[in-house]
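Notes follow the structure.
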Amino acid sequence: MRADTLRTAVTLYQSGTVDIAGAARSAGVSRVRMRRCLRHNGVAVRAPDRKGGGEGPVAGSR
């Protein structure tokens, strides 16, 4: 895993272009590791959408 690939995945996730699974795939890491990386970089991890299994907005945000 290259640092620039991980930074790109963080940016894509942060912009809403990809979900956590897509970001993890593009970075070549597990979803758990991607979540840790996002938190480490100060990015809020979106809560899973209960209906479709995707991700929705963070609780309490508008």
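Nothing in this text is a laboratory measurement; each read-out follows from the coordinates by a stated rule. None of the values given here were measured: they were computed from a predicted structure. Quick reminder, even Gly has a Cβ in these numbers, built from the backbone with ideal geometry, and neighbours come from all protein chains shown.
Just rank L38, L12, fewest to most, by other beta-carbon atoms within 10 angstrom.
L12, L38
Per residue of segment 23-36, what does 6.51 cos²θ - 1.76 cosθ + 1.60 with θ = phi - 60° give for ³J(HN,Hα)? Whole Hz please, x for Gly and Pro, Karplus curve as stated.
Rounded to whole hertz, the list is 5, 4, 4, 5, 8, x, 10, 6, 4, 4, 5, 5, 4, 4.
From a point 7 Å beyond the Cα of A47 in the direction of its Cβ, which residues of segment 16-30 have a backbone N at a distance under 20 Å?
So the set is 16, 19-21.
Quick one: order R36, R2 by neighbouring beta-carbon count within 10 Å, fewest to most.
Ordered by Cβ neighbours within 10 Å, fewest first: R2, R36.
What distance in nm lies between label points placed 7 Å from Cα along the C-beta direction at A3 and H40?
Distance between label points: 1.1 nm.
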